[in-house]
Amino acid sequence: MNHYELVVIIHPDLDDEAIGQALDRITTWITDGGGSIDKTNKWGKRHMAYQIQKQNEGIYYLLDVSISPTLIAELERNLTILEPVMRHMIVAK
């Protein structure tokens, strides 16, 4: 297991329930792959440097993740098609 930081920007117009469902889906993908989420840090709604999907703001989350490197590609593919997620980035710690 390697340690990664996952930053996710979620659409700002969603309610708390929809945001919770999106985060639950992300954690399920990670835990089903044999990984774990060590820490979740909500950065809150922030102004972005440029527009993404015609939005100037996004809700930022930082997740410290322990996951096998072979599952990173699958996780990125799933995050790309998850509609509430506007952007994501996975970086090795």
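The values are calculated or read from the model by the stated rules, or taken from the named source; none is laboratory data. Fair warning: this is a prediction, and the values are worked out from it, not measured in the lab. Note that we place each Cβ from the backbone using ideal geometry, even for glycine, and neighbour counts take in every protein chain shown. With ligands, DNA and RNA removed, areas are computed over all heavy atoms of the protein, side chains included. Shrake-Rupley method; radii C 1.70, N 1.55, O 1.52, S 1.80 Å.
The sole residue among 77, 46 that is without any contact (Cβ under 8 Å) to a residue 60 or more places away in the chain and out of contact with any strand residue (DSSP E or B) (no Cβ under 6 Å at 6 or more places or on another chain) is 77.
For segment 34-72, the candidate set comprises residues that are crowded, with 16+ Cβ neighbours inside 10 Å and touching a Leu at 6+ places or on another chain (Cβ under 9 Å); within that set, the residue that is nearest to residue 17 (Cα to Cα) is 59.
For segment 37-90, a tally of residues being under 10 Å from the mean Cα position of the chain (by Cα) and of a type in the set (Lys, Arg) returns 1. As a summary of the residue check, residue 91 satisfies the conditions (1) modelled with pLDDT under 95; (2) among the aliphatic types (A, V, I, L, M); (3) within 15 Å of residue 3 (Cβ to Cβ) except for the one numbered (1). Among the residues making up segment 22-33, those that are free of Cβ contacts under 8 Å to residues at least 40 places away in the same chain and either more than 20 Å from residue 76 (Cβ to Cβ) or open to solvent by 60 Å² or more (accessible area, probe 1.4 Å) (or both) are 24, 28, 31, 32.
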